[in-house]
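Shown next, in structure tokens, is the structure this report addresses.
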Amino acid sequence: MNIKLNEHFLDVKETYLFSDIAKRVKKFQEENPGREIIRMGIGDVTLPLPASVASAMEDAAKQMAVKESFRGYPPEYGYDFLRNAIADHYKAIGAACVTPDTVYVSDGAKSDLGNFPDILGDNPVIVPDPVYPVYVDSNLMNGRKISFAGGTKENGFLPEPPSGTDIEPSVIYICSPNNPTGAVYSREGLKAWVDFAIKTGSLIIFDAAYEAFISEDKPHTIYEIPGAESCAVEISSFSKFAGFTGVRCGWTVVPDAIEANGIKLSKFWARRQATKFNGVSYVTQAGAAASLSGKGLEDCMANIAYYKRNAKVLAEVFSEKGIYFTGGVNSPYIWLECPDNMGGWDFFDSILNRFGIVGTPGEGFGTNGTGFFRLTAFGSYENTLKACEYFKSL
């Protein structure tokens with residue numbers, strides 16, 4: 001063929017981090033048939049959908065089998081009942097600026113994070129390091145120039161805004177609670193970024209996918225920070241909160257106050273979604289709405305509590321061992337410093353071969369992840385306790 005390709009894809013690593021992990025685990029299983037594997041690598045939930053949420057989906061599916069209640073293509077931006085429920089959720093956590101018409105329902109946060117660069121021009125991009133790979137990869141695919149805000153042991157893996165007077169307007173990615181580090185910004189920490197964005201004319205893309213895990217007095221949404229509605233888009237998900245990793249549903253908030261060159265950002269996002277996305281199924285949205293109130297919300301938070309208990313027992317072990325870590329309190333992730341100055345991949349091989357435990361090397365999340373390791377609390381409580389006993393022998 002003589003067609004031209006988007007050669008910016010050559011700037012992206014050929015294999016995805018978790019694909020590399022899967023290959024190593026497969027090789028280990030082939031060489032060690034019968035060995036038990038404790039999976040603490042990929043952040044996938046393991047508890048089933050709450051019965052109340054599944055029941056709402058079942059009722060919706062039955063409606064689809066009746067002519068009078070059958071529904072075809074869903075609205076491009078989500079059914080009103082779900083957009084209203086999401087807006088009510090924001091009111092409950094202190095962000096009344098989010099209204100139903102600013103909420104855009106999608107098939108998940110990862111999709112929206114990867115798709116948002118579609119509507120942005122050739123702006124400099126600032127991402128934290130360590131970082132969730134989709135922030136970097138989706139911008140490299142679009143030929144963007146990326147700089148990194150360093151998360152380190154010294155700043156608790158909570159990067160601060162760049163200093164200087166000649167900073168260009170940029171697109172800034174923030175994740176709190178953070179994936180992979182589990183670190184959570186205080187109001188003061190987030191305010192510094194909002195003030196920076198307003199001062200420099202920048203846009204913040206705020207990833208709030210793990211908001212439901214926050215238990216301390218930390219901001220659950222960037223819209224708790226004054227002025228954020230003029231400079232920040234927030235992307236969130238039902239994946240971890242309601243167990244929708246296999247069901248797929250999320251949302252993006254694009255406030256009307258955000259404008260660039262006299263054009264509302266929401267206008268471009270709405271047009272992009274109407275052109276490239278066909279909406280989320282009625283059955284899925286019915287389940288999502290059920291998870292946000294009443295018995296559904298109660299059941300979802302019970303699942304969250306189960307995972308938080310896993311994180312707590314892991315955190316206790318590493319605290320007792322004197323191993324530095326972040327996360328484990330307001331997050332389902334433990335981000336630990338590898339013992340004996342090991343690299344992340346060396347530690348990966350060590351605990352896989354010794355204990356059959358699978359985690360994620362910090363190097364997969366950026367340069368500042370070197371020598372660190374991510375464990376997730378999404379497994380069973382029984383397996384988490386087994387892993388804790390192994391880690392006590394480190």
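Miscellaneous remarks
- Among residues of segment 109-123 that are in contact (Cβ under 8 Å) with a residue 12 or more places away in the chain and under 10 Å from Thr252 (Cβ atoms), those with a Cβ under 7 angstrom from a residue that is among the charged types (D, E, K, R) and surrounded by 20 or more Cβ atoms within 10 Å (Cβ to Cβ), sequence gap 6+ or separate chain, pair up as Ala109/Asp207; Leu113/Asp207.
- Each residue in segment 97-109 was checked for being surrounded by fewer than 20 Cβ atoms within 10 Å (Cβ to Cβ) and either outside the structural domain of Glu224 (by TED's automatic domain parsing) or over 18 Å from Ser266 (Cβ atoms) (or both), and 1 pass.
- Restricting segment 346-361 to residues that are among the polar types (S, T, N, Q) and part of a helix (DSSP H, G or I) leaves a set whose member that is surrounded by the most Cβ atoms within 10 Å (Cβ to Cβ) is Ser350.
- For segment 1-35, the set of residues classified as charged (D, E, K, R), under 28 Å from Ser138 (Cα atoms) and exposed (fewer than 10 other Cβ atoms within 10 Å of the Cβ) consists of Lys4, Glu7, Glu14, listed by residue number.
- Check on Gly94, in the same structural domain as Ser236 (by TED's automatic domain parsing), of a type in the set (Gly, Ala, Ser), assigned to a loop (DSSP other than H, G, I, E, B) and touching a residue at least 12 places away in the same chain (Cβ under 8 Å): yes
- The residues of segment 116-161 that are among the polar types (S, T, N, Q) and closer than 23 Å to Arg271 by Cα, listed by number, are Asn123, Ser138, Asn139, Asn142.
- Among the criteria (1) in contact (Cβ under 8 Å) with a residue 24 or more places away in the chain; (2) over 18 Å from Ser170 (Cα atoms); (3) not aliphatic (A, V, I, L, M), the one Glu234 does not fulfil is (2).
- Looking across segment 81-94 at every residue that is loosely packed, with under 15 Cβ neighbours inside 10 Å and in contact with a helix residue (DSSP H, G or I) (Cβ under 7 Å, 6 or more places away or on another chain), the one that is farthest from Phe268 (Cα to Cα) is identified as Gly94.
- For segment 38-89, a residue qualifies if it is under 30 Å from Asn383 (Cβ atoms) and in a loop (DSSP other than H, G, I, E, B), and the qualifying residues are Met40, Gly41, Ile42, Gly43, Asp44, Val45, Thr46, Leu47, Pro48, Leu49, Pro50.
- Strands (runs of 3 or more DSSP E) completely within segment 117-216 that count 1 or more residues being small (Gly, Ala, Ser) and more than 23 Å from Thr360 (Cβ to Cβ): 146-150
- Just one residue in the set Gly201, Gly164, Gly151, Gly189 is outside the structural domain of Phe372 (by TED's automatic domain parsing), surrounded by fewer than 16 Cβ atoms within 10 Å (Cβ to Cβ) and at pLDDT 95 or above; that residue is Gly201.
The values are calculated or read from the model by the stated rules, or taken from the named source; none is laboratory data. Remember, predicted model here, so these are calculated numbers, not experimental data. Counting neighbours? That spans all protein chains shown, and the Cβs are built from the backbone with ideal geometry, glycine included.
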